[in-house]
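This report refers to the structure that appears directly beneath it.
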Amino acid sequence: MRWRWRGVPLDVLLAASGISLDLLLSGKAPAWDAQPALSVALFAVLVGAPMGFVRHWPVPVVFYLSAFLVYTDQIGSFTSNSAQMLLCAALGAAAYRTEWPWTVLSVAAGALASAFNIADPGVALTSTAWMYSVGIALFPALLGAYLRRPAVRLEERTITPDVLLAAGGVAYAVLTTWTSWHAAPQPVWVTGLLAVTAGLSLGIARRLPGIVFLLQGLLLMAADTYLPQVVNTSMLLVFISIGVFAMRVASWMWTTVVYLAACLLGAMAVVEPGVETTPIRAVMLMAMVVTPVAIGRYIGARQEAQAAERLRARESARLAVAQVRADQLAERERIAREVHDIVAHHVGAMVLRAGAARYAAPDGPVADALADIRETGHQALQDLRGLLDLLRDPDRQPDLPADPADVVRESAERVAAAGLVVKLDVDPAAEQASLVARASAARIVQEGLTNVLKHAGPGTRVNVRLTPARTPGGLSVEVRNGPPPTVREPLPSSGQGLAGMRERVRALGGALTAGPDGEGGWLLSATLPGARGSAA
């Protein structure tokens, strides 16, 4: 189940976390032992509740916490430690969600407030203190700005594991160490901020496992030196970072390096001065460190296996689609073969009968018409065989088309022999058009003349014009016929010829119009652009 934090729940959780943090810190403060519980709760609400608005208005929250930090520091309130820690979190949110001018203003306000918190009353700020104050405000801002970059986004779209790691790390680090923060030589808020940082860093362990391991190792060494009470907590966080590293990094060499480094860190943190190092203790320490490595490698192997399974599933789906496509092509080939056999049988019979009638008929128009039928049938049979060969082998390159100019002249001669009065007007510049545009124009002329012969009949005057279009390499085609010489019965028409011409012209990015010309005739006009035709 995918978790999606939306709206109020996350804001309430942030506010509650801020309030709880201050209650944990203030409850341990000696200076607040004599204060009423209501005052402690009021300050906790004032410093923690604004975190419920940090996702939506991070910059105002930064300015509020900065002012509240200065105020609580001046009155000597222990809540200033909580305000300092929450201010760093708000600075990270401001850098993550806002543009750089607002981020710069937020960092300036946070650095100024931190300087007031660091400085003792009546003591001037030194350059070292200023650098420390700027660093406190600048580090979370840089981290927030870094996380907003697309380059650091994980391949996985869900952020649920990151949220769980960060939340669990913060909860564990704070709840197991907050009772010892007052025992450290540095201010309480510094110790608390380090604990929160150690827990939050687990949220980016999946994307930056090496950096998180180094950070946890440094914090472990610092805890061993300055706050031995929290060494166990730091050691567990180091173990978690080792497990995530082993899960995300497939290299056994780097995993071994991290394992040996973790063994050294464990030896420094666990073995106290004066304690004898025996082989049994060394083996136990190495076995303890190898446990998170084994768990991480196991989870990583499971994830790799799942990814490989998904890849195999996608490949199987692709192969299934390819098989379906092959079956469809085979079915199309079978249908094409059957269509070829049926049409070839009837056209062949028509050609044979036309040839026999041609030799039996005397010379004249009838003989010419029979010869034309015979030649047209032969051409139809050749075209059918060529299309069938192309369907059987889709990778086979089709034969080069005939010269479009020859196709136009042959079409005009053929319909002229059938009785149309054809006038060709071909601009010589039309030869500069692209081959695709000229071939399409030839097919449009061929279809247009056939339609005139079919619907207007012999004796009809037809004007065919081919001129260059406005676009380079394009053509303009016009087939205009006059009114029929005699009244003819309208013939049935399927409309497939005109629809096919429209599809051809539309595929090239052109336009085609067909309709009465207002003088009793018919006008077919098409514009074929040259750019798309050449690309096609």
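The values are calculated or read from the model by the stated rules, or taken from the named source; none is laboratory data. Note that the structure is predicted; figures quoted are calculated from it, not measured. Here the Cβ positions follow ideal geometry from the backbone for every residue, glycine too, while neighbour counts run over all protein chains shown. When the accessible area is computed, the model is the full protein with side chains, heavy atoms only, and any ligands, DNA or RNA have been set aside. Shrake-Rupley method; radii C 1.70, N 1.55, O 1.52, S 1.80 Å.
Test TYR132 against the criterion of being more than 18 Å from SER17 (Cα to Cα), in a helix (DSSP H, G or I) and either modelled with pLDDT under 80 or open to solvent by 50 Å² or more (accessible area, probe 1.4 Å) (or both), and give yes or no.
yes
Check ARG55 against each of (1) more than 42 Å from the chain's Cα centre (by Cα); (2) not in a helix (DSSP H, G or I) and name the one condition it does not meet.
ARG55 satisfies every listed condition except (1).
Pairs needed: first member in region 307-328, farther than 30 Å from MET247 by Cβ and at pLDDT 85 or above; second member anywhere, in a helix (DSSP H, G or I) and among the hydrophobic types (A, V, I, L, M, F, W, C); C-beta distance under 6 Å; at least 6 residues apart or different chains.
Note: no pairs meet the criteria.
Just need a number here: residues in region 164-189 that are buried (at least 21 other Cβ atoms within 10 Å of the Cβ) and outside any helix (DSSP H, G or I).
Narrowing region 164-189 to residues buried (at least 21 other Cβ atoms within 10 Å of the Cβ): 165, 169-170, 173-174, 177, 181, 188-189.
Checking which are outside any helix (DSSP H, G or I) leaves us with none.
Matching residues across region 164-189 total 0.
Just give me the residues in region 412-439 being assigned to a helix (DSSP H, G or I) and either open to solvent by 60 Å² or more (accessible area, probe 1.4 Å) or within 26 Å of ARG374 (Cα to Cα) (or both), in sequence order. Write out each step before concluding.
Narrowing region 412-439 to residues assigned to a helix (DSSP H, G or I): 412-417, 428-432, 435-439.
Once the filter is applied, which keeps residues that are assigned to a helix (DSSP H, G or I) and either open to solvent by 60 Å² or more (accessible area, probe 1.4 Å) or within 26 Å of ARG374 (Cα to Cα) (or both), region 412-439 yields ALA412, GLU413, ARG414, VAL415, ALA416, ALA417, PRO428, GLU431, GLN432, LEU435, ALA439.
Please give the number of the condition VAL270 fails out of (1) under 21 Å from ALA173 (Cβ atoms); (2) aliphatic (A, V, I, L, M); (3) modelled with pLDDT of 80 or more; (4) surrounded by fewer than 18 Cβ atoms within 10 Å (Cβ to Cβ).
(3)
Out of PHE68, PHE78, PHE53, which single residue is open to solvent by less than 50 Å² (accessible area, probe 1.4 Å) and at pLDDT 85 or above?
Details: PHE78 fails: at pLDDT 85 or above; PHE53 fails: open to solvent by less than 50 Å² (accessible area, probe 1.4 Å).
Every option except PHE68 fails the conditions.
Listed residues VAL244, VAL258, VAL249, VAL238; which is over 21 Å from MET284 (Cα atoms), out of contact with any strand residue (DSSP E or B) (no Cβ under 9 Å at 6 or more places or on another chain) and open to solvent by less than 20 Å² (accessible area, probe 1.4 Å)?
Values: VAL258 fails: over 21 Å from MET284 (Cα atoms); VAL249 fails: open to solvent by less than 20 Å² (accessible area, probe 1.4 Å); VAL238 fails: over 21 Å from MET284 (Cα atoms).
From the options VAL244, VAL258, VAL249, VAL238, the qualifying one is VAL244.
I'm checking my understanding of the structure. Among residues of region 473-488 that are in contact with a Leu (Cβ under 7 Å, 6 or more places away or on another chain), part of a strand (DSSP E or B) and of a type outside the set (D, E, K, R), which one is modelled with the lowest pLDDT?
Result: LEU475.
Given (1) open to solvent by less than 10 Å² (accessible area, probe 1.4 Å); (2) touching a Lys or Arg at 6+ places or on another chain (Cβ under 6 Å), where does PRO209 come up short, assuming only one miss?
Looking at each condition in turn, PRO209 falls short on (1).
Name every residue in region 453-472 that is open to solvent by less than 30 Å² (accessible area, probe 1.4 Å) and either part of a helix (DSSP H, G or I) or touching a residue at least 60 places away in the same chain (Cβ under 8 Å) (or both), in order of residue number.
To start, the set of residues in region 453-472 that are open to solvent by less than 30 Å² (accessible area, probe 1.4 Å) comprises 456-457, 460, 462, 464, 466, 469.
Hits for region 453-472 are ALA456, ALA469.
Filtering region 388-411 down to residues that are open to solvent by less than 50 Å² (accessible area, probe 1.4 Å) and under 50 Å from the mean Cα position of the chain (by Cα), which residue is modelled with the lowest pLDDT? Spell out the reasoning first.
Initially, region 388-411 is screened for residues open to solvent by less than 50 Å² (accessible area, probe 1.4 Å), giving 388, 404-405, 407-408, 411.
Imposing the further condition that a residue be under 50 Å from the mean Cα position of the chain (by Cα) reduces the set to 388, 404-405, 407-408.
Working: LEU388: 63, PRO404: 75, ALA405: 79, VAL407: 80, VAL408: 83.
Filtering first and then ranking leaves LEU388.
Counting just the residues of region 190-206 that are out of contact with any Phe, Trp or Tyr (no Cβ under 8 Å at 6 or more places or on another chain) and of a type outside the set (A, V, I, L, M, F, W, C), which one comes out most open to solvent (accessible area, probe 1.4 Å)?
THR197
Within region 11-43, can you find the residues that are closer than 26 Å to GLY169 by Cα, at pLDDT 75 or above and hydroxyl-bearing (Ser, Thr, Tyr)?
Result: SER17, SER20.
Can you tell me which residue is nearest to THR471 (Cα to Cα) among those in region 497-530 that are part of a strand (DSSP E or B) and touching a residue at least 60 places away in the same chain (Cβ under 8 Å)?
LEU528
Among the hydroxyl-bearing types (Ser, Thr, Tyr), open to solvent by 50 Å² or more (accessible area, probe 1.4 Å) and touching a Gly at 6+ places or on another chain (Cβ under 8 Å), is that true of THR450?
On the way: among the hydroxyl-bearing types (Ser, Thr, Tyr): yes; open to solvent by 50 Å² or more (accessible area, probe 1.4 Å): yes; touching a Gly at 6+ places or on another chain (Cβ under 8 Å): yes.
The answer is yes for THR450.
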